[in-house]
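See below for the structure under consideration.
The values are calculated or read from the model by the stated rules, or taken from the named source; none is laboratory data. Because the structure is predicted, anything quoted here is derived from the model rather than measured. Backbone-built Cβ (ideal geometry, glycine too); neighbour counts: all protein chains shown. The accessibility values were calculated without ligands, DNA or RNA, using every heavy atom of the protein model including side chains. Shrake-Rupley method; radii C 1.70, N 1.55, O 1.52, S 1.80 Å.
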Amino acid sequence: MVSTENLAVDTLLQIFGRNVLDVPLKPVIHFVLTEILTFFYFFQLFSCIVWYNNQYEVYATVIIVMSVLSATSTTYITRIAIVKLRKAVLFQCEVEVKRGGKIQVIKSGDLVPGDIVKVPFTRTKVAFDGVLLCGNVVVDEAMLTGESVPTLKEPIPFEWLEEEYHADKNEVNTLFSGTTILQTRPPPSGDDPSVYCLVTRTGFRSKKGETVKFMLHPLKTQKFKFYSEAWTYIKIMGLIGYSG
């Protein structure tokens, strides 16, 4: 791992982007099209055409009205959920970072991988993923894991930093974005009593960012039973109609 003392911060910002979970808020028409351009509403449309051709105008009209109300309600709920998610994950704070051998106070959105951050003693949220270099930290990871029991983080041996460190394997040495610092314990020896952490992942590459991405874009391999059964129904009815 390389400290930002040896690399241009502007270049790293261009590579990794700003350390901000800025969830894009798309226009209403996007939510409307996403909702109605599905198999269910195409099925409702063809059903209404069949009912109108068979002089069941009232029944077909009721289906159309219910479909419009359903699409409107779902679009409204989806947009409200995106707005709430955007407000919940958008977080910035001031952090003390060591750059060029000096402590600077910057916004957490300007952090880049390789920054050495001074972990505050007061209760605050972590705005990045980072590996603990010295001292001990007690954190609340309920936001990520649901566990209410505080977790003790320990400093990583320096010989592990170059080759053996991995956030998922070295969770005991890693501070994750979105967790809350409850207490810090300075190293037992040394002239500097501060606790330091090396930033490893920022923005949507962090643990919190990956969770947000999964919420916004679930795996496409997940299939709803309704759609598979609906296609089976259409195939059977088409086969019957073709045979007749």
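Once each of the trypsin sites (Lys or Arg not before Pro) sitting in a DSSP loop with at most 12 other beta-carbon atoms within 10 Å is removed, the chain keeps 1-122 as its longest stretch.
If you wrap the range 51-124 in the convex hull of its Cα atoms and look at it from every side, the mean projected area works out to 8.6 nm².
The order of Val65, Val9, Val195 by accessible area, most exposed first and with a 1.4 Å probe, is Val65, Val9, Val195. Between the Cα long axis of helix 225-243 and the first principal axis of the chain there is an angle of about 30°, rounded to the nearest 10. Computed on the range 76-174, with alpha-carbon pairs under 8 angstrom and 6+ residues apart, the relative contact order is 18 percent.
Spread over its residues, the convex hull of the C-alpha atoms of the range 58-179 is 168 Å³ per residue. The stretch between Asp192 and Phe158, if pulled fully straight at 0.36 nm per residue, gains 10.5 nm over its current Cα-Cα span. Rank Phe176, Phe121, Phe204 by mean-square fluctuation in a GNM of the chain with C-alpha springs under 10 angstrom and give only the top-ranked residue. Looking only at Phe176, Phe121, Phe204, the largest GNM fluctuation is found for Phe121. Can you pull the Kirkwood radius for the range 1-97, inverse mean 1/r over Cα pairs, to one decimal in Å? Taking every pair of different Cα atoms in the range 1-97, averaging 1/r and inverting gives 17.8 Å. Here the contact order of the chain, divided by its residue count and restricted to Cα pairs under 8 Å and six or more residues apart, works out to 22 percent. When the Debye formula is applied to the Cα atoms of the range 98-164, each taken as the same point scatterer, what base-10 log of I(q)/I(0) results at q = 0.18 Å⁻¹? Taking Cα atoms of the range 98-164 as identical point scatterers yields -0.86.
Step through the table entries Lys26/Lys125; Lys102/Lys207; Lys118/Lys213; Lys107/Lys207; Lys87/Lys207, compare each Cα-Cα distance with 23 Å, and write down the pairs that go over it. Among Lys26/Lys125; Lys102/Lys207; Lys118/Lys213; Lys107/Lys207; Lys87/Lys207, the Cα-Cα distance tops 23 Å for Lys26/Lys125; Lys102/Lys207; Lys118/Lys213. Each of Ile29 and Leu85 was given a label point 7 Å from its Cα along the Cα-to-Cβ line. The distance between the two points is 2.3 nm. Excluding ligands, DNA and RNA, the accessible surface per residue across the range 41-120 is 62 Å² with a 1.4 Å probe.
For the range 159-209, a/c is not less than 1.5, where a ≥ b ≥ c are the root eigenvalues of the C-alpha gyration tensor, and a/b does not top b/c. That puts it in the oblate class. Can you give the angle from 0 to 90° between the axis of helix 57-89 and the longest principal axis of the chain, with both taken from C-alpha atoms, to the nearest 10? Once rounded, one gets 0 degrees. By how many degrees, 0 to 90 and rounded to 10, does the Cα axis of helix 207-216 deviate from the longest principal axis of the chain? It works out to around 10 degrees. Cα-based values for the chain, radius of gyration first and Dmax second, are 26.2, 90 Å. In the chain, excluding the sites themselves, the longest stretch lacking any of the GluC sites (Glu not before Pro) that are in a DSSP loop with at most 14 other Cβ atoms within 10 Å is 6-146.
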